[in-house]
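Below is one structure, written out as structure tokens; comments come after it.
The values are calculated or read from the model by the stated rules, or taken from the named source; none is laboratory data. Computed from a predicted model, the values in this text were never measured in an experiment. Quick reminder, even Gly has a Cβ in these numbers, built from the backbone with ideal geometry, and neighbours come from all protein chains shown.
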Amino acid sequence: MHGVAVQHLKKQKSTGNDTPDTSAFATSGLQSQNSVGDYNSRPAWQPFLTFGAIDKVRGYGGRSSSTKSNSNGWDGNYSRLRKVGFFITAPFIIFRYDVISYLTFCALFTYMLLYEFRDEPSKLEYVLTFWLGTLALDEVRQIQGDPSPKLRKRIFAWLTGYWNIVDMVSIILFSIGIGLRHYQPTRDAARVFLALDLVVFLLRSLHIFSTSRHLGPKLIMIIRMFVDLIIFVCILVVFLLAYGISVEIILYPNTPRPFTVLLSIIERAYFQIFGELFLDDMGKDVICTTNITEQTLGMMPCPENTWFGMLALAFYLFLSNILLLNLLIAMLNFTFQAIQDNCDVLWKFQRLGLLQEYYSRPPLPPPFIILFQITDLMCYIWRKTFGKCCNGCSACQRTKSFKRQLDEDLNEEIATWESVKGQDFVIKARQKLRSEAIDVYKLTNDRFDKINQDLAAMKNYNLKHVDDRLSKIEDQLKVLMASSKGSQGQNGH
């Protein structure tokens, strides 16, 4: 495609045509509508169940099946089987099948915890364990597919994704839960771990909404606000410990229960933020003791200097409920507004990351992805043994889909293509300004014509009105003159 761009631009320069003709790029894979495919005009259920529109589906990297040939040697006369291959390997279709697989896994996992979690593992539990194993292997494939030469850099690059961290937590919790459930004393703990893991899996399903233009930015808001909340909690912990420790020292000095005191400090200071003030513990009717032995056995010590506790509580509530709460609201509001102002750009980058992820993912969803994982393992052994990819290796094709660094020739071709599109944009902008100037000129002329017509109408109206008034005055003068002559004649007689 880039070679076509360079040849087309050179041809334009040789002919002396300054207006760039972008028809050569009409089927370019760089155009977004061609690279994604005509999916938006179809019903949402159609790509799942039918291949009836397979003739219109575009293949890898926006290669259209209706194109006869291009400079890269692609022939448009594909067989129907090849078109089906293009269809099922499109990132859009892989994502949808992966969504169905993930929701099915969550439904089966929920059913297993509600009805099938007994003393002996059920068949469904073995199926889910195998299913999660394929998910874990796919995460390993993502780490291995990173182009970084060192394993540590690949792992760090993988951990930069929020959803990858969620996947890691879910896999760890599931592994711990399955490991503990095989022992009778830890079976209840296993149920707790698996229930928490189900919560993580259900929260992971929010990733589905990243394809939506309206819901995708909301996910970014949730993640950014969660980071703000962590920062706020760090600030809150400082105030919480400062208040809790000082009050504990003043009210209950020399308490012989260190671990109980630590829990009491955190519990009292935390729940007082939400209105549980524990005023009865500082009252006169509280059941307490001053005996050290009884305090060691678990009885509550009697509070001292309760006036300081009340004063510190009032100041602590003033800071936490007014200052810190408004700080949290301001932080969340700033994050919301910053993302809302750039929601479209952020969503496009989010969609690009999703496209890159599913472009390199095998077409079959878990647990059927194990077939491609076995193939990738064999290809990996082949590459390590012979130093080259085997023929038809899907792993090699997927890892070469996107380039992070371009060679000099390819970079020059892309720069040439960008120059052509830039010239096209400038010319269209100038034409738009010229058309706007012409429209303004026409509008001004129309207004002047209307003003002239109004002035002419006013002139005609005024002249006619003056003539009428003069004729009336003349008639009145004639009447007056006639009447004056008549009166003079009568006086003469």
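Total residues in region 107-128 satisfying the condition of being surrounded by fewer than 17 Cβ atoms within 10 Å (Cβ to Cβ) and within 19 Å of LEU364 (Cβ to Cβ): the figure is 2. The single residue among THR211, THR255 that is farther than 30 Å from ALA312 by Cβ and modelled with pLDDT under 85 turns out to be THR211.
Output the residues belonging to region 164-192 that are of a type in the set (Phe, Trp, Tyr) and exposed (fewer than 15 other Cβ atoms within 10 Å of the Cβ). The one that is of a type in the set (Phe, Trp, Tyr) and exposed (fewer than 15 other Cβ atoms within 10 Å of the Cβ): TYR183. Looking at region 325-332, is at least one residue of a type outside the set (Val, Ile, Thr) and at pLDDT below 90? Taking every residue of region 325-332 in turn, none turns out to be of a type outside the set (Val, Ile, Thr) and at pLDDT below 90. Can you find even one residue in region 172-185 that is in contact with a Phe, Trp or Tyr (Cβ under 7 Å, 6 or more places away or on another chain) and touching a residue at least 40 places away in the same chain (Cβ under 8 Å)? No, because not a single residue in region 172-185 is in contact with a Phe, Trp or Tyr (Cβ under 7 Å, 6 or more places away or on another chain) and touching a residue at least 40 places away in the same chain (Cβ under 8 Å). Under the condition of being among the aliphatic types (A, V, I, L, M) and buried (at least 16 other Cβ atoms within 10 Å of the Cβ), which residue from region 203-219 is nearest to ASP98 (Cα to Cα)? The residue in question is ILE208. Could you figure out which of (1) touching a residue at least 40 places away in the same chain (Cβ under 8 Å); (2) exposed (fewer than 13 other Cβ atoms within 10 Å of the Cβ) isn't true of LEU313? The number of the failed condition is (2).
Look at region 419-430: where a residue is loosely packed, with under 13 Cβ neighbours inside 10 Å, no partner that is modelled with pLDDT of 90 or more sits 6+ places away or on another chain with Cβ atoms under 7 Å. Cβ-Cβ contacts under 8 Å between residues 6 or more apart (or on different chains), taken from a first residue in region 152-163 that is assigned by TED's automatic domain parsing to the domain that holds VAL140 and under 15 Å from GLY353 (Cβ atoms) to a second residue that is among the acidic types (Asp, Glu) and not in a helix (DSSP H, G or I), are listed as ALA157/ASP146; TRP158/ASP146.
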